[in-house]
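Beneath this line is the structure, given in structure tokens, with notes to follow.
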Amino acid sequence: MRVLAIETSCDDTGIAIIETGQKNQPEILADLVSSQIKTHAPFGGVVPTLAKREHQKNLIPLLEQALGQANFLKPKKFFSRFKNIPSDKEKILKEILDREKNLKKTFIKFAKKYQIPQIDYIAATIGPGLEPALWVGVNAARALSFFWNKPIIPINHIEGHITANFIFNKIGGISNFQFPISKEIFPSVCLVVSGGHTQLILIKDIGRYEILGETRDDAAGEAFDKVAKMLNLGYPGGPAISREAEKRNASFSQTKTYPPLPRPMMDSKDFDFSFSGLKTAVLYSLQKIDKKEIKKLIPAISAEFQKAVVDVLSYKTFKAAKEFSARSVMLSGGVAANKELRNRFMEETNKITGLKLLLPAANFCTDNGAMIAMAAHYHLRKNLPLANWQNLSAKANLRI
Ligand code: KG4
Ligand code: ZN
């Protein structure tokens, strides 16, 4: 079975193609991401209307490239190439893509130029995410489903982040996945931390999830981005703060000191988080520091901020792991690429006998198509419901 997966929930356009069978690990035939960082950087965060525009522009070129990589891109034979697609089909395609003006143009050209590839299913992220961005991928999936006459596998973006932990990263030559997906790893506690989400999820099995706690305000990645903006470190803030913090950690005694920040909700009895107060605490502390001094303090501020976030995230995750007798702990989402967070998770895992740790490869932490394809692989194995071009829609606030 070949699955084509589309991810457009935020600012990355992701397309992946996998070959999946009865084996535990599908083969990744193509996995491409087109990042919009440059477009959003001047605004210090993702602008939904610009994200929509960029997804529309990038989707078909990326699809052609992915199909080419997987060896499925076959131009139509010389004569039929100049034939139009049947007018009734073209009319429906235009209706499906009516709200995606730019995608409509490139899609129709693509449909006229190439033979139908050997793809069996189309997987698409339907939510949660930015509504205008989600719709581009959803409508592209609907158009492909109609034109190729293939069913759709609707995927929750958070489930995609979770299943990124199960991707055997053959392309990079390293595997972070050492355990078969079996009773050995469930129940598992997964911390999903990205620019849009912070959730602690109890996984009883793939497809059986319970949200134990979540952020009451900002997501962890959003806090990284906002603090980085205050410090003029650019967007995305996570990697920038992490780089500055490393400078501080490398020359601890030489850099300036900075007062400790709060660890919000560390002692609350639930598994919820809150990061907006932490961001405000950084802001207030900056107002008390002489402007000329701030630059010198950036590594110290970054290190303290990162440590505060890592302290709270890891404390609550491992508290949940103990309380729910988890066999494993997982980390997911863009912030899971953070080295200090990964190291802390390794340290804490080693303190609990028998506990396993799953970490996605760094390139599968931020949004990508492969994780959506991986989730689709499990949907197929578990015979979960399919969708079609007539009943698929984007759901910005979808819950896992
Ligand atoms: O998963 P993702 O690509 O998009 C969402 O679904 O939100 O996550 C992007 C977020 C951004 O907020 C970015 O600053 C953060 O992940 N991020 C990091 C690191 N790399 C990316 N945060 C902390 N440390 C990092 N190394
Ligand atoms: Zn994400």
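None of the figures in this text is laboratory data; all of them are computed from the coordinates on show. This structure is a prediction, so every number in the text was calculated from the model and none was measured. With ideal geometry, Cβ positions are generated from the backbone for all residues, glycine too; neighbour counts draw on all protein chains shown.
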Cα gyration tensor category, rounded, prolate or oblate, for the stretch 35-74 with a/c compared to 1.5: prolate
The stretch 60-147: C-alpha gyration tensor shape, a/c 1.5 cut-off, then a/b vs b/c: oblate
Chain lengthening between N71 and M1 when straightened (0.36 nm per residue, less Cα-Cα): 23.7 nm
Sites E323 and K356 - FRET efficiency at Förster radius 22 Å, r taken between beta-carbons, to 0.05: 0.80
Under the Karplus curve 6.51 cos²θ - 1.76 cosθ + 1.60, θ = phi - 60°, whole-Hz ³J(HN,Hα) for the stretch 329-339, x wherever Gly or Pro sits: 10, 10, 10, 8, x, x, 5, 5, 6, 5, 5
Relative contact order of the chain, defined on C-alpha pairs under 8 angstrom at six or more residues apart (%): 24
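So for the stretch 188-359, what are the equivalent ellipsoid semi-axes in whole Å, largest first, each being the square root of 5 times an eigenvalue of the Cα gyration tensor?
For the stretch 188-359, the semi-axes come out at 30, 16, 13 Å.
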Distance between the stretch 5-77 and the stretch 197-254 - C-alpha centres, whole angstrom: 24
The chain - Rg (one decimal) and Dmax (whole number), Cα, Å: 22.2, 73
Per-residue Cβ neighbour rank within 10 angstrom, fewest leading, T163, T349: T349, T163
Straight-distance crosslink candidates among aspartates and glutamates, where the alpha carbon sits under 20 Å from K101 and sequence neighbours closer than 8 are dropped: E7, D11, D12, E54, E64, D88, E90, E131
Exposure proxy ranking, count of Cβ atoms within 10 Å, fewest first, for W148, W135: W148, W135
Considering only the stretch 188-359, percent of DSSP beta bridges that pair antiparallel, nearest 5: 55
18 Å Cα-Cα reach of K351 towards lysines, excluding residues that sit fewer than 8 places from it in its own chain: K316, K319, K322
FRET efficiency, F186 to N84 (Cβ-Cβ, R0 60 Å, nearest 0.05): 0.70
Neighbour net charge for L313 - beta-carbon separation under 14 angstrom, K R +1, D E -1: -1
Surrounding net charge for G160, when Lys and Arg each add one and Asp and Glu each subtract one, Cβ distance under 9 Å: -3
Separation in nanometres of the label points that stand 7 Å from Cα toward Cβ, at D98 and S276: 3.8
Bridge type composition, the chain - antiparallel percent by DSSP, nearest 5: 60
Gain upon complete extension [E19, E246; 0.36 nm per residue less C-alpha separation]: 77.7 nm
0 to 90° range, to nearest 10: angle between helix 237-250 axis and the chain longest Cα axis: 40
Entries of K38/K94; K269/K356; K38/K339; K226/K295 with Cα pairs more than 20 Å apart: K38/K94; K269/K356; K38/K339
Gain upon complete extension [A41, Q118; 0.36 nm per residue less C-alpha separation]: 23.9 nm
